[in-house]
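The values are calculated or read from the model by the stated rules, or taken from the named source; none is laboratory data. These numbers were taken from a predicted model, which means no experiment stands behind them. Positions of Cβ are backbone-derived with ideal geometry, glycine not excepted, and every protein chain shown enters the neighbour counts.
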Amino acid sequence: MAGEALRAADLPGRGRALLAAREILEGEVILSEPPILLYPSSLASLPAYCSACFRSLPPPPHAPAPCPSCRAAAFCSPACAAASHPRLLCAALSRNLAAAPDAHHEALLFLLSAYSLPDPSLRALLSLSSAPASPSHQPPDTSTLHAMVASLAPPHLQPPAFSPDLTAALLSKDRTNSFSIMEPYRPDVPLELRKTRAYAVYLRASLLNHDCLPNACHFDYADRPGPGNTDIVVRALHGISEGREVCISYFAANWRYADRQRRLLEDYGFRCECDRCQVESKWKFDDDDGNEDGDGDDTMEEEHDREDAGDGGDEGMEQEEGSDGGDEDFPHSFFFVRYLCNREDCYGMLAPLPPLPNGDLSHVFECNACGQLKKEEEDDDEPDAGDSSMVN
Ligand SMILES: C[S@@+](CC[C@H](N)C(=O)[O-])C[C@H]1O[C@@H](n2cnc3c(N)ncnc32)[C@H](O)[C@@H]1O
């Protein structure tokens, strides 16, 4: 398709946003970009994934030799070994990063990787939106974390701007802007046990705002061979007319109203007033106390976040008591029929494959969590693909 699909704009009450710069076809790849920052999700994930490209590594006895410096990271190929991994992280792993309290590991992995970035990338990271100050969200103890980074990273590796203030500023970028790159999907692994293999921050994708009825979703193909395996790929769920905002969902689309609102307020600082929220705010759930344990994940990750998906669960589709589930009460049911993966416990989003070279639309949908390919004709009760209500 000719021409840039997206343009950035400032929208009142929503900050920066990405808008369709032209007519976008359903299934079109509208954004594909490499991360500016990529870091492991945990110390436990280090032996399982290449520390440069985050592809799955073979288990012992075929596991590759560890990084000669830190002996903790491993690489899938000589090229990845030459590219290596963030130098402050490597130094910290040699200095027993593992002895730091478990609760701080994720933040330390982020900070050590962010502080290893070249200056332009560090500045770019700082240009992204910050997590809101939220009374219910315990901020990480930034001075403790800064002191830990200072003791784990040798002074000659610390960038000139290294300071407690910069550490605090960096931490405020992580929660709102990081996407999870998930472990490979395995049907035998229960939803709550599926984990993130790495976190990634993308400059342009971080400008995508949230909608509970998104018109786009993202894919990662971390184990795909060839270059660009950690690029984020954003595809249009349906046709989007020029000038419309392109939005993703920051979590699994089946979450129920109260859980969505709580997460968006606490982690992203806004009340969602999308079409779906306006309808569902009038529903009455029979256990409206929500889910107190929250989602346990502090990132912008959307449909792939399996732990999050479990929170909303099937209750996300619950309707008002006594409702007959008719169009009036549940006007967005078409969205779930067409775009929510029907595989048990998946909760991924189904996006059409890109249009064919001759411009014909594909009728095969791909799940961004389990990878299932599903032919549109398989469902009897799905809406007409040309239904104008799907085109916004
Ligand atoms: C990942 S950033 C998206 C880009 C951001 N708007 C910016 O200016 O950089 C997430 C932040 O965007 C804003 N945002 C996202 N979706 C929104 C929505 N539906 N309504 C209002 N604000 C939204 C919130 O401030 C949120 O913390």
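Could you run through region 35-73 and say how many residues are touching an Asp or Glu at 6+ places or on another chain (Cβ under 6 Å) and in a loop (DSSP other than H, G, I, E, B)? Reasoning before the result, please.
If we filter region 35-73 for residues that are touching an Asp or Glu at 6+ places or on another chain (Cβ under 6 Å), which is where we start, we get 55-56.
Next, from what is left, pick out any that are in a loop (DSSP other than H, G, I, E, B): 55.
Total meeting the criteria: 1.
Has region 186-195 got at least one residue that is within 16 Å of the ligand (Cβ to nearest atom) and of a type outside the set (Lys, Arg)? First the steps, then the outcome.
Just the residues of region 186-195 that are within 16 Å of the ligand (Cβ to nearest atom), to begin with: none.
Looking through region 186-195, none of the residues is within 16 Å of the ligand (Cβ to nearest atom) and of a type outside the set (Lys, Arg).
Being basic (Lys, Arg) and more than 9 Å from the ligand (Cβ to nearest atom) is the filter here; which residues of region 236-277 pass it?
Start the filter on region 236-277 by keeping residues that are basic (Lys, Arg), which leaves 244, 256, 260, 262-263, 271, 276.
Residues satisfying the conditions are ARG244, ARG256, ARG260, ARG262, ARG263, ARG276.
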A careful count of residues in region 83-93 that are at pLDDT 95 or above and in a helix (DSSP H, G or I) gives 7
Subset tally (residues that are closer than 18 Å to GLU106 by Cβ and in contact with a Lys or Arg (Cβ under 6 Å, 6 or more places away or on another chain)) for region 156-194: 3
When you scan region 141-162, do you find a residue that is buried (at least 20 other Cβ atoms within 10 Å of the Cβ), under 21 Å from the mean Cα position of the chain (by Cα) and away from the ligand (no atom under 16 Å from the Cβ), even just one? no
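The rows are residues; the columns are (1) surrounded by 14 or more Cβ atoms within 10 Å (Cβ to Cβ); (2) closer than 30 Å to LEU57 by Cα; (3) within 13 Å of the ligand (Cβ to nearest atom); (4) at pLDDT 95 or above.
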| residue | (1), (2), (3), (4) |
| --- | --- |
| ALA5 | yes, no, no, yes |
| PRO12 | no, no, yes, yes |
| ARG16 | yes, no, yes, yes |
| ALA21 | yes, no, no, yes |
| GLU26 | yes, no, no, yes |
| ILE30 | yes, no, no, yes |
| GLU33 | yes, yes, no, yes |
| TYR39 | yes, yes, no, yes |
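Might you let me know whether region 110-121 holds any residue that is aliphatic (A, V, I, L, M), more than 16 Å from the ligand (Cβ to nearest atom) and assigned to a loop (DSSP other than H, G, I, E, B)?
Quick first cut of region 110-121, residues aliphatic (A, V, I, L, M) only: 111-112, 114, 117.
So of that shortlist, the ones also more than 16 Å from the ligand (Cβ to nearest atom) come out as 111-112, 114, 117.
Then keep just the ones that are assigned to a loop (DSSP other than H, G, I, E, B); that gives 117.
Within region 110-121 (the criterion being aliphatic (A, V, I, L, M), more than 16 Å from the ligand (Cβ to nearest atom) and assigned to a loop (DSSP other than H, G, I, E, B)), the answer is yes, since at least one residue qualifies.
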Is it the case, given these coordinates, that ALA17 is touching a residue at least 24 places away in the same chain (Cβ under 8 Å), among the small types (Gly, Ala, Ser) and outside the structural domain of HIS104 (by TED's automatic domain parsing)? yes
